[in-house]
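Participant: Next up is a structure, given as structure tokens.
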């Protein structure tokens, strides 16, 4: 093909075109669209309908070729996010396949040939899943589903957004794009497939916000309007689907911007009703913003802190031009200088989710979203005019726990978020004492901090740093930040480098020893003695079994039943 001819057809790459006598007279996202478009002006002539190959950047998932070879006679189409990602040059390991009918049977045959696991997901809707495991431990997931309608065109038009309503035919190596989703991809635009798309499934409101953040796309104006009008239908969606889409938002990039978008779309009263009261609630210095803006700022800074403390941190850009941008870079530099040596430990911490379906990172952002939720209910003003929020941490833990129960989070997740919110002021108390009095927390204070928080102590430290950044904003000084980092490093040193000294000293005696040595009966006093001895170990008062037993005897004298 000559260079001139290549240039003439390049605008049609990935499109179906109608040709008459070698000239393109019409085009469309499907063969039918191209033919109809041609017949409007050349109704007496029969055009040639051909597919113009897509750009070389289209990343066909490798597993798709294996699947096509395994089921050579099966009509099937790759649809949804995998096609979108391929058009963006990304390889997806989650493949959705649309089958005219008998999708479960096709999935079962594919699993047998690929030596993969097979699950029926919804027999009534003819949906099944095939999981292909590789030697390196990774997995490819293939979901087979029957058409959502009489044909592929109906199936695609019934989907959420045009960028997800594109199909790839592996047999013809061709794109089918009836809603022109590829053009929206190029325009970086999220557009609903139909006027009823959001009403048909209101969870798509959250999905649109998530996709916009993930790809840095804009939501088309008409779609935004439809999202606002459908927000009141969110309670019709199961709590589990609400939770899962929300946690995907919190797991993704720019969670602060996504949460702000949900608030502006009127989603909160129907999804996170406790948060609406936070808007406009004033706070005294050193806070620089109201409770709601503070919360969003905490989430933003938490994302930056986590990015800086990952094994391969992304560059953190300054938040402004000139001196302010330099200040932000300085704070990030100090963070990595003081805590960067723990990147591997942070990575290990976040690699252990409390639930296999949700990440620890997403849970921590959920905690950040709710850590000050009870400030509106606890606001008071003292005689000096200072605004106070007594017990907002304890009441906030209860409010967050209630929402977590409504979302059906696991007991482990709920316990963790309660621990973090209940104790989130302790880090600030340590930091203030360090800055004002140059006094580090004692070994007893460090022991009690981790005794009460456990593994959540790591999350408390990270939230504390983000909370400080969100509180002080542009008024944060290098001295205040350095004091907080000193506390963070001290706590993490004890937790990760010498846990047996201060955090979790090995038990020198057990309950049976206490009963026999002190002639006690079973009861709560046994645990109290053991805890007193362990705290004495953490503070350096006890180091041997003999010393432990002697300490326990003295403790019982000072604390009679």
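The values are calculated or read from the model by the stated rules, or taken from the named source; none is laboratory data. Computed from a predicted model, the values in this text were never measured in an experiment. Every residue, glycine as well, gets a Cβ built from its backbone with ideal geometry; the counts of neighbours run over all protein chains shown.
Participant: Which of the strands (runs of 3 or more DSSP E) found entirely inside region 68-122 contain at least 2 residues meeting this: free of Cβ contacts under 8 Å to residues at least 24 places away in the same chain and under 22 Å from residue 204 (Cβ atoms)?
Facilitator: Once the strands (runs of 3 or more DSSP E) in region 68-122 are filtered for at least 2 residues that are free of Cβ contacts under 8 Å to residues at least 24 places away in the same chain and under 22 Å from residue 204 (Cβ atoms), what remains is 117-122.
Participant: Turning to a different aspect of this structure: Looking at (1) modelled with pLDDT of 95 or more; (2) within 25 Å of residue 481 (Cα to Cα); (3) surrounded by fewer than 17 Cβ atoms within 10 Å (Cβ to Cβ), which is the one condition that is false for residue 377?
Facilitator: With (1) modelled with pLDDT of 95 or more; (2) within 25 Å of residue 481 (Cα to Cα); (3) surrounded by fewer than 17 Cβ atoms within 10 Å (Cβ to Cβ) applied to residue 377, the lone miss is (2).
Participant: For region 268-303, give me each residue that is modelled with pLDDT under 95 and either within 21 Å of the chain's Cα centre (by Cα) or surrounded by 16 or more Cβ atoms within 10 Å (Cβ to Cβ) (or both).
Facilitator: Residues satisfying the conditions do not exist here.
Participant: Just one of (1) in the same structural domain as residue 20 (by TED's automatic domain parsing); (2) under 14 Å from residue 174 (Cα atoms) trips up residue 76, so point out which.
Facilitator: The one condition residue 76 does not meet is (1).
Participant: For residue 217, indicate whether it is more than 26 Å from residue 279 (Cβ to Cβ), outside the structural domain of residue 11 (by TED's automatic domain parsing) and touching a strand residue (DSSP E or B) at 6+ places or on another chain (Cβ under 7 Å).
Facilitator: yes
Participant: On to the next question. Residues 104, 99: which one is touching a helix residue (DSSP H, G or I) at 6+ places or on another chain (Cβ under 6 Å) and in the same structural domain as residue 174 (by TED's automatic domain parsing)?
Facilitator: That would be 99, the only listed residue that is touching a helix residue (DSSP H, G or I) at 6+ places or on another chain (Cβ under 6 Å) and in the same structural domain as residue 174 (by TED's automatic domain parsing).
Participant: In the list 479, 455, which residue meets the criterion of being closer than 30 Å to residue 293 by Cα, within 26 Å of the chain's Cα centre (by Cα) and at pLDDT 95 or above?
Facilitator: One residue alone meets the criteria, 455.
Participant: Okay, moving on. Taking region 219-263 on its own, how many of its residues are free of Cβ contacts under 8 Å to residues at least 24 places away in the same chain and over 20 Å from the mean Cα position of the chain (by Cα)?
Facilitator: Count: 2.
Participant: Are any residues in region 194-206 crowded, with 20+ Cβ neighbours inside 10 Å and not in a loop (DSSP other than H, G, I, E, B), and if so, which ones?
Facilitator: Of everything in region 194-206, those that are crowded, with 20+ Cβ neighbours inside 10 Å and not in a loop (DSSP other than H, G, I, E, B) turn out to be 197, 198, 204, 205, 206.
Participant: Can you report the number of residues in region 472-512 which are out of contact with any helix residue (DSSP H, G or I) (no Cβ under 8 Å at 6 or more places or on another chain) and either in the same structural domain as residue 550 (by TED's automatic domain parsing) or not in a loop (DSSP other than H, G, I, E, B) (or both)?
Facilitator: Adding up the residues that qualify gives 6.
Participant: If residue 332 satisfies every condition in (1) touching a strand residue (DSSP E or B) at 6+ places or on another chain (Cβ under 8 Å); (2) buried (at least 17 other Cβ atoms within 10 Å of the Cβ); (3) free of Cβ contacts under 8 Å to residues at least 40 places away in the same chain but one, which is the exception?
Facilitator: If we test residue 332 against (1) touching a strand residue (DSSP E or B) at 6+ places or on another chain (Cβ under 8 Å); (2) buried (at least 17 other Cβ atoms within 10 Å of the Cβ); (3) free of Cβ contacts under 8 Å to residues at least 40 places away in the same chain, just (1) comes out false.
Residue-by-condition table, conditions (1) in a strand (DSSP E or B); (2) surrounded by 14 or more Cβ atoms within 10 Å (Cβ to Cβ); (3) at positive phi; (4) modelled with pLDDT of 70 or more:
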site	(1), (2), (3), (4)
6	no, no, no, no
11	no, no, no, yes
14	no, yes, yes, yes
26	yes, yes, no, yes
32	no, yes, no, yes
41	no, no, no, yes
44	no, no, no, yes
49	yes, yes, no, yes
55	no, no, no, no
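Participant: Tally the residues that are at negative phi and at pLDDT below 90, restricting the search to region 115-147.
Facilitator: Adding up the residues that qualify gives 7.
Participant: Can you spot a residue in region 81-102 that is over 24 Å from residue 191 (Cβ atoms), surrounded by fewer than 14 Cβ atoms within 10 Å (Cβ to Cβ) and under 28 Å from the mean Cα position of the chain (by Cα)?
Facilitator: yes
Participant: When the residues of region 513-541 are narrowed to those that are loosely packed, with under 14 Cβ neighbours inside 10 Å and touching a helix residue (DSSP H, G or I) at 6+ places or on another chain (Cβ under 9 Å), which ends up farthest from residue 468 (Cα to Cα)?
Facilitator: Here the residue is 521.
Participant: Restricting to region 391-427, count the residues that are within 26 Å of residue 270 (Cβ to Cβ), assigned to a helix (DSSP H, G or I) and in contact with a strand residue (DSSP E or B) (Cβ under 8 Å, 6 or more places away or on another chain).
Facilitator: 1
Participant: Can you give me the number of residues within region 390-419 that are touching a residue at least 24 places away in the same chain (Cβ under 8 Å), buried (at least 19 other Cβ atoms within 10 Å of the Cβ) and under 18 Å from residue 281 (Cα atoms)?
Facilitator: 2
Participant: Checking residue 439 against (1) closer than 23 Å to residue 283 by Cβ; (2) free of Cβ contacts under 8 Å to residues at least 40 places away in the same chain, which single condition isn't satisfied?
Facilitator: Going through (1) closer than 23 Å to residue 283 by Cβ; (2) free of Cβ contacts under 8 Å to residues at least 40 places away in the same chain one by one, residue 439 breaks only (1).
Participant: If residue 557 satisfies every condition in (1) outside any loop (DSSP other than H, G, I, E, B); (2) at pLDDT 90 or above; (3) surrounded by fewer than 16 Cβ atoms within 10 Å (Cβ to Cβ) but one, which is the exception?
Facilitator: The one condition residue 557 does not meet is (2).
Participant: Given the residues 418, 438, which is the only one that is assigned by TED's automatic domain parsing to the domain that holds residue 493, within 27 Å of residue 503 (Cβ to Cβ) and at pLDDT below 95?
Facilitator: The match here is 438.
Participant: Tell me, please, whether a residue that is in a helix (DSSP H, G or I), surrounded by fewer than 15 Cβ atoms within 10 Å (Cβ to Cβ) and either on the phi > 0 side of the Ramachandran plot or within 31 Å of the chain's Cα centre (by Cα) (or both) can be found in region 459-471.
Facilitator: no
Participant: Can you pull out every residue in region 127-159 that is farther than 16 Å from residue 103 by Cα and surrounded by 22 or more Cβ atoms within 10 Å (Cβ to Cβ)?
Facilitator: Result: 156, 159.
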